[in-house]
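Read through the structure below, which is laid out as structure tokens, and then see the notes.
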Amino acid sequence: MEMTDIHAESLMRFLDRSVVNFYATDTVRKKLDEEGFTRLDPRENWCIEPGGRYYMTKNDSAIFAFVAGDDAPDSGFKIISAHSDSPCFRIKPNCEMITEGSVVKLNTEVYGGPILYTWFDRPLSLAGRVILRSDDPLNPVRRLVKFDRPLLTIPHLAIHFNRAVNDGNPLSKQKDMLPVIALGHTDADDRHIILSLLAEELDVNKDDILDYDLSLYDTTPACRTGLHGEFITSGRLDDLSMVHAAMTALLDSDNMSMTRVMAIFDNEETGSGTKQGAASPVLEHLLRRITTALGGDEEAYFRSISKSFMVSADNAHALHPNYPEKQDPTNHPIPGNGPAIKINANCKYMTDADSAAVFRSICERAGVPFQYFVNHSDVAGGSTLGNILTSQIDLRGVDMGAAIWAMHSVRETASAADHSFIIRAFTEFYNC
Ligand code: ZN
């Protein structure tokens, strides 16, 4: 098998397992456990050896792994950051709504900015985290749950009731987007369908379920499309393709001089403002703790940061064949032409000429093509992790990503070749 196919296959299996943020983190955690990384407990004293491999999780939905450099703490950090979350629908408390004829739908809230109508008429299921009663009220038990079978669908209104549907159809998140889960529920238990389902799946008492973080996900697996399998189509490519590339590069690289860090944050899609998001001090605290556990002081931390570099990896928009006018006339990434370096004059991205040059050199050393993404000047564009992190830590760094189509659709499309290019570039970054 060609390397591109090996990387694509590995990414698709990763995407299929990582159906929501908690499972993305869990998939990474399991891989790191398999590879012999040591889990660090933030509540304990850390013993870190140069050359050792470690990770910690935050809120079960963010994960930070590192390989301590032989010359640490003074040699600095090479960091790749990405995010575990994707736009979706969260299940509200008291979610069951019984409609006429005993049809049961669920009350949901939109998470992030999904393209709403891509979620219609799909075989959806539920996954996330359940919180169970324990003897210690401050520390309830946390368990992940994923129903591997399709459980729900959001049925679209028939075209016969709205002949103008194809002329543009504004959607209400509260009215149009509620998924249907059951028929014929008329007994007193109607209001506890989700609790009963969770209790059965986890083999616990319904009364012990205190709360949950549950989201909808599309059960359709990732696949290749295109005449020659050029494309990968899947949910959550933004940003799990970058999580997968960072993890693969961390495991494939072997330069032991600087400390190699992979930082996977949650809640990028809602602005990063949580304890497990990029706007929190979680990464700064991690880097400080690594420094002190290796015998460095405050001064060593600052020396180390000033030698560090970060690749903020989040997907970019590929030139859409039906809408070329949406993109910048001279800087519009094409699928298959390599990682896109993201540039913004108003500093929405952390990239500057210095850091773009660093990433370009890395691509050249890896034998990987690269391209630039700049917004059309009349389009506002999005934001990402990089410049949020620089408000915590004064790092040099670059924003980049794979160029994809249909960002925030329930299924996005990327190039298989680009994914392999990015793994090679990340591995070169950690190794150079
Ligand atoms: Zn993203």
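At a glance:
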{"quantity": "Percentage relative contact order, the chain, counting C-alpha pairs under 8 Å, at least six apart", "calculated": "23 percent"}
{"quantity": "Beta bridges per DSSP with both ends in the chain, % antiparallel, nearest 5", "calculated": "65 percent"}
{"quantity": "Residue pairs, from the table LYS78/LYS275; LYS92/LYS146; LYS31/LYS78, whose Cα atoms sit over 19 Å apart", "calculated": "LYS78/LYS275; LYS31/LYS78"}
{"quantity": "Simple label model, 7 Å out from Cα along Cβ direction - ARG143 to ILE131, nm", "calculated": "1.7 nm"}
{"quantity": "Among ASP70, ASP135, ASP354, residue whose mean-square fluctuation peaks in a GNM of the chain (springs only between Cα atoms under 10 Å)", "calculated": "ASP135"}
{"quantity": "Relative contact order of region 1-95, pairs being alpha-carbon contacts under 8 Å that are 6 or more residues apart, as %", "calculated": "24 percent"}
{"quantity": "Loop-exposed GluC sites (Glu not before Pro) per DSSP, neighbour cap 14 Cβ within 10 angstrom, longest uninterrupted part of the chain", "calculated": "101-432"}
{"quantity": "Length released on extending from SER391 to SER377, taking residue separation times 0.36 nm less the Cα-Cα span", "calculated": "2.5 nm"}
{"quantity": "All-pairs Cα distance distribution in region 240-285, expressed in whole percent, bin size 5 Å", "calculated": "5, 20, 21, 20, 19, 10, 4, 0"}
{"quantity": "Alpha-carbon gyration tensor eigenvalues x 5, square-rooted, for region 278-432, Å", "calculated": "30, 17, 14"}
{"quantity": "Net charge dipole size for the chain [Lys, Arg +1 and Asp, Glu -1 on Cβ; Debye, nearest 20]", "calculated": "360 debye"}
{"quantity": "Computed helical MRE - 222 nm, the chain, DSSP H runs ≥ 4 contributing -39500 (n - 2.57), nearest 500", "calculated": "-8000 deg cm²/dmol"}
{"quantity": "Separation of the ALA300 and VAL110 label points, Cα + 7 Å toward Cβ, nm", "calculated": "5.0 nm"}
{"quantity": "Solvent-accessible area per residue, Å², over the chain with all protein chains present [probe radius 1.4 Å]", "calculated": "44 Å²"}
{"quantity": "Overall Cα dimensions of region 133-286, principal axis frame, Å, largest first", "calculated": "64, 56, 29"}
{"quantity": "Carbon and sulfur %, accessible surface of region 14-74 computed with the full protein complex present, 1.4 Å", "calculated": "40 percent"}
{"quantity": "HIS160-ASN322 pseudo-label distance in nm [points 7 Å out on the Cα-to-Cβ vector]", "calculated": "2.7 nm"}
{"quantity": "Quarter of the Cα convex hull surface for the chain, i.e. its orientation-mean projected area (nm²)", "calculated": "22.9 nm²"}
{"quantity": "Proximal charge balance of LEU151 [Cβ under 15 Å; K/R count +1, D/E count -1]", "calculated": "-2"}
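The values are calculated or read from the model by the stated rules, or taken from the named source; none is laboratory data. This structure is a prediction, so every number in the text was calculated from the model and none was measured. Reconstructed Cβ throughout: ideal geometry from the backbone, glycine too, with neighbour counts over all protein chains shown. Ligands, DNA and RNA are excluded from the accessible area calculation, which covers all protein heavy atoms including side chains. Shrake-Rupley method; radii C 1.70, N 1.55, O 1.52, S 1.80 Å.
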